[in-house]
1. Taking the solvent-accessible surface of protein heavy atoms with a 1.4 Å probe, what is the per residue accessible area of the chain in Å²?
2. Which whole number of Å³ per residue matches the convex hull of the alpha-carbon atoms in the stretch 1-93?
3. Between residue 148 and residue 169, what is the FRET efficiency for a Förster distance of 22 Å, r being their Cβ-Cβ separation, to the nearest 0.05?
4. Would you work out the relative contact order for the stretch 79-231, in percent, from Cα pairs under 8 angstrom that are 6 or more residues apart?
5. How many percent of Cα pairs in the stretch 157-212 exceed 13 Å?
6. Report the charge-dipole magnitude of the stretch 61-190 in Debye, nearest 20, computed about the Cα centre from +1 at each Lys and Arg Cβ and -1 at each Asp and Glu Cβ.
7. Relative to the compact globular guide of 2.2 N^0.38 Å, what is the alpha carbon radius of gyration of the stretch 64-175, as a ratio?
8. What do you get when you divide the Cα radius of gyration of the chain by 2.2 N^0.38 Å, with N the number of residues?
Amino acid sequence: MKIPETVAIIMDGNGRWAKKRGLPRSAGHKKGADMIREIGLAANELGIKKCILYAFSTENWKRPEDEVGYLCKLPGMFFDRYMKELMTNNIRVTFIGELERFPSDTQKVIQKAVQLSQNNTGLNLCLAINYGARREMVLGIQKYAQQVKEQKRENDLTIEEFSDYLFVKEEVDLMIRTSGEVRLSNFLLWQVAYSEFIFTPVPWPEFDRQCLIDCIKEFNERDRRYGGLNS
């Protein structure tokens, strides 16, 4: 079975999963955080190089204040519980997005996890936090324009070079969205140009190791031609 190098997952359905069980939305988010641990370990064992998880979007600030407050506490709860296990399994933690909008305690927890695991050589478990693809591209364009203005480079940007100005330079091989919604929600719009997409009805709190394996099996059935033809 061919393993995709870079997998991105829109972790959707925590609130609906909780509501279906008569639980508060926070219970769904807590269960969803626990699944990050399970999928991270599974992805590492399977040999996936990078797994990018959509943890908090630039649009999530529109949610009720108490829910946003709980989401800001989740990284601390998650890393307190699972950081030792991630380190034991050689998993490297990284993040993309504009972390500075979060409370200082949340920033410190995430930055500590990044620092502790920076020399690990297994899976790159990348959390997209306060991330939006349109914002990512605008920031990249601004950075490039500033370099041209300062005469540090010519106005000759290529498609291949543009990735160097983004948070994520890799192209995504497999994009998964859980819980049945069929949209990208402003996630990695540049990087998924030739991704394979799988939209599963399984909510994120139930998306376990076997679900990931099933998605990879389906990925293997796809004919990736990148606009050309396979002989």
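The values are calculated or read from the model by the stated rules, or taken from the named source; none is laboratory data. This is a predicted model, so every value here is computed, not measured. Here the Cβ positions follow ideal geometry from the backbone for every residue, glycine too, while neighbour counts run over all protein chains shown. Side chains are part of the model used for accessible areas, which takes the heavy atoms of the whole protein and leaves out ligands, DNA and RNA. Shrake-Rupley method; radii C 1.70, N 1.55, O 1.52, S 1.80 Å.
1. For the chain, the solvent-accessible area averages 54 Å² per residue.
2. Per-residue hull volume (Cα only) is 110 Å³.
3. So, using R0 = 22 Å, E works out to roughly 0.65.
4. That works out to 19 percent.
5. Tail fraction, whole percent: 64.
6. The dipole magnitude comes to about 340 debye.
7. Here the Cα radius of gyration is 1.28 times the empirical estimate.
8. Rg over 2.2 N^0.38 Å, computed on Cα atoms: 1.04.
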